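A.B. asks: Encoded as structure tokens, here's the structure I'll be asking about.
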Amino acid sequence: MKKFLKISGIIIGSLILLYVVACLAGPSELKATRSITINAPASEVFVQVGDFSNWPKWSMWSQRDKNMQSTFEGDPMMVHHKWTWKSTEGNGTQEITSVILNKEIKSDLLFEGFEDANKSTFTFTESGVAADETVPCANCTTEVSWTMDFGKIPFPFRGMMLLFQGSVISDFEQGLANLKKVCEG
């Protein structure tokens, strides 16, 4: 029995030491950005992002949980437009905090159980020129950049962030690819 306890203690101690090393190596702040070019005018892409009721069409989180319960408040594409959800992926809210029409949308993303909101920013950079400014540009493309600023990461969570960072980047890439399909569809 003493030998079992000693081996168990060594294993547990090694795992704790390994996690502390991972925390030392993990990021003290986390910010992720991904971009994609979409063959559509900025005004069309902007609507897909600025109206949270459109997110289930392209958001990877909505697609993972088909039973997600969502409610929407406020006017789409306006400050204070809000999405609240309950999901097996986690409950939370996202609220638009700043809008520059067809150029930028900033929002706060708050997951249940956390005190600080993550800061999300979408920027839309259109290329191409419409022959007539009163009609949308048929040949325009829009570069969409999605940035999430998770802010400062407390030391005990930095080890988990090493794994989480890759997952976030993968989710952003898949979400932007889905957004491209919706907008070009």
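The values are calculated or read from the model by the stated rules, or taken from the named source; none is laboratory data. Predicted model only: the values in this text are computed from it and were never measured. Please note: Cβ atoms are built from the backbone with ideal geometry, for glycine as well, and neighbour counts cover all protein chains shown.
A.B. asks: When you check Leu30 against the structure, is it out of contact with any Leu (no Cβ under 6 Å at 6 or more places or on another chain) and part of a helix (DSSP H, G or I), yes or no?
C.D. replies: no
A.B. asks: Report every pair of residues separated by at least 6 positions or lying on different chains whose Cβ atoms are under 8 Å apart, first residue within the stretch 1-30 and of a type in the set (Phe, Trp, Tyr), second assigned to a helix (DSSP H, G or I).
C.D. replies: Taking only residues 6 or more apart or on different chains, the pairs are Tyr19/Gly159.
A.B. asks: Could we say that Phe52 is in contact with a Pro (Cβ under 8 Å, 6 or more places away or on another chain) and either surrounded by 19 or more Cβ atoms within 10 Å (Cβ to Cβ) or closer than 16 Å to Lys181 by Cβ (or both) here?
C.D. replies: Spelling it out, Phe52 is indeed in contact with a Pro (Cβ under 8 Å, 6 or more places away or on another chain) and either surrounded by 19 or more Cβ atoms within 10 Å (Cβ to Cβ) or closer than 16 Å to Lys181 by Cβ (or both).
A.B. asks: Let me ask something else about it. Since Leu17 meets every condition but one in (1) closer than 26 Å to Met160 by Cβ; (2) in a loop (DSSP other than H, G, I, E, B), which condition does it not meet?
C.D. replies: It fails just one condition, (2).
A.B. asks: Quick check: is even one residue across the stretch 154-171 surrounded by 15 or more Cβ atoms within 10 Å (Cβ to Cβ), of a type outside the set (D, E, K, R) and not in a helix (DSSP H, G or I)?
C.D. replies: No, every residue in the stretch 154-171 fails to be surrounded by 15 or more Cβ atoms within 10 Å (Cβ to Cβ), of a type outside the set (D, E, K, R) and not in a helix (DSSP H, G or I).
A.B. asks: Let me ask something additional. Quick one: in the stretch 48-104, of everything that is charged (D, E, K, R) and assigned to a strand (DSSP E or B), which residue is nearest to Thr121 (Cα to Cα)?
C.D. replies: First, the residues of the stretch 48-104 that are charged (D, E, K, R): 51, 57, 64-66, 73, 75, 82, 86, 89, 95, 103-104.
Okay, now just the ones that are also assigned to a strand (DSSP E or B), so 73, 82, 86, 95, 104.
Working: Glu73: 19, Lys82: 15, Lys86: 22, Glu95: 12, Glu104: 7 Å.
Going through the qualifying residues, I end up with Glu104.
A.B. asks: Here's a follow-up. Evaluate the following for Val168: is it farther than 26 Å from Val20 by Cα and modelled with pLDDT under 85?
C.D. replies: no
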